[in-house]
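So the structure is just underneath, and the comments pick up after that.
No value in this document is a laboratory result; all are computed from the given coordinates. These numbers come from a predicted model, not from an experiment. Here the Cβ positions follow ideal geometry from the backbone for every residue, glycine too, while neighbour counts run over all protein chains shown.
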């Protein structure tokens, strides 16, 4: 559950948002301590569409969990009733030999993408997880499917970090089924769910949303979905950006590159004033092969927001993000630096151009200069991973394939 501070709901990630403000002297140490002590009040996930609740929304919109579960707080008594109902359903599904494969169809995955990524402005990590689950389910799905569905799915759910409200507000406004009701005409309604009912049968009893949190498609927050796929000479095979969390000023942006091979180095540079307004921070060697494992980075972007610089600094990386981030953050760049991708060729003070409307992220140099850098580039020696991470690094596929490993 969220708690209020200075008239705003706060939650766990507000501690790192506030850290840079404390370092800059914008808030006192005492105020920061209060935020730290009160931003995580108990059980459950952050009450916003970070990765945890984005994936809860994925499970619900796929039909794999009970309708309404996503927005229900961990401390709500309804959780116990839903847990008991889930137990009964498990037994029923086993007895009737209904397997997940019967529910995980191509149409179900498209529902999940429309609802849990596009309609709610969900975490970019959902792209990785949906691609990986689809692969294991034997369902053909690719990164370009996300772009296609984004162009045809409005963003309708005004919940943080892309919006204003919390999951508590969404619960009062009808939960995820209200979002699905809003997007009803875009969904595959004959998909089966674990309840034994189709979405057509479930949504028949759900009222049209009229509240402040879930908008109708006619009154959508944006005509396109929350996430889009970028390409260009820095991401020839693709990258992603959560456009629902990008300020309008940053949809078209050109800035000087500041290049780092680890997030902690970028964070230190930001706090020391070496990254400033007008810069594009490049953090590379953070992909599935390069890290290895593609750990989530969040502190740099949280600090950027805490300093009020999210409308003047962009980030391009082959890594992934926490779902709590907002700002002009382009991630999952493919091919990644560790696989010899173009991020290797970026140098400090190069110009990088970002155009979200055109879906392009480019290094502003000539093709001749790009080819010359490719020919002269030598990959620096890096500390090799140990144990199973060595096997993972050698076998893992790209972010466009859900970071799948055959180990």
> Gap in Å between the Cα centre of region 244-304 and the Cα centre of region 144-164?
Replying inline: 23
> Using the alpha-carbon centroid of each, what span in Å lies between region 126-141 and region 210-241?
Replying inline: 20
> When ranked by the protection proxy of mean other Cβ atoms within 10 Å per residue, highest first, what sequence do the peptides 108-116, 386-394, 255-263 form?
Replying inline: 108-116, 255-263, 386-394
>> Using Cα springs under 10 Å in a Gaussian network model of the chain, which residue among 163, 340, 121 shows the largest mean-square fluctuation?
In response: 340
>> Between residue 185 and residue 339, what is the label-point separation in nm under the 7 Å Cα-to-beta-carbon projection?
In response: 3.9
> If you take the beta carbon distance between residue 364 and residue 277 as r and set R0 to 22 Å, what does 1/(1 + (r/R0)^6) give as a FRET efficiency, to the nearest 0.05?
Replying inline: 0.75
> Which order, highest average first, do 88-99, 58-69, 194-205 follow once you tally other Cβ atoms within 10 Å for each residue and take the mean per peptide?
Replying inline: 58-69, 194-205, 88-99
> What's the FRET efficiency of residue 205 with residue 151 using the Cβ-Cβ distance as r and R₀ = 30 Å, to the nearest 0.05?
Replying inline: 0.45
> Over the chain, what is the percentage of antiparallel beta bridges among all DSSP beta bridges, to the nearest 5?
Replying inline: 60
> Which of 77, 21, 235 moves the most in a Gaussian network model of the chain with Cα springs under 10 Å?
Replying inline: 77
>> Between 0 and 90 degrees, rounded to the nearest ten: what's the tilt of helix 367-376 against the longest Cα principal axis of the chain?
In response: 80
>> Nearest 10 degrees is fine. How inclined is helix 14-23 to the longest principal axis of the chain, computing both from alpha carbons?
In response: 30
> Label point 7 Å out from residue 371 along Cα-to-Cβ: which residues of region 210-247 have amide N under 17 Å?
Replying inline: 233
> Ranked from highest to lowest mean number of other Cβ atoms within 10 Å per residue, what is the order of the peptides 315-322, 221-228, 39-46, 375-382?
Replying inline: 315-322, 221-228, 39-46, 375-382
> Say each of residue 94 and residue 144 gets a label point 7 Å from the Cα, pointing the same way as Cα to Cβ; how far apart are those two points in nm?
Replying inline: 4.3
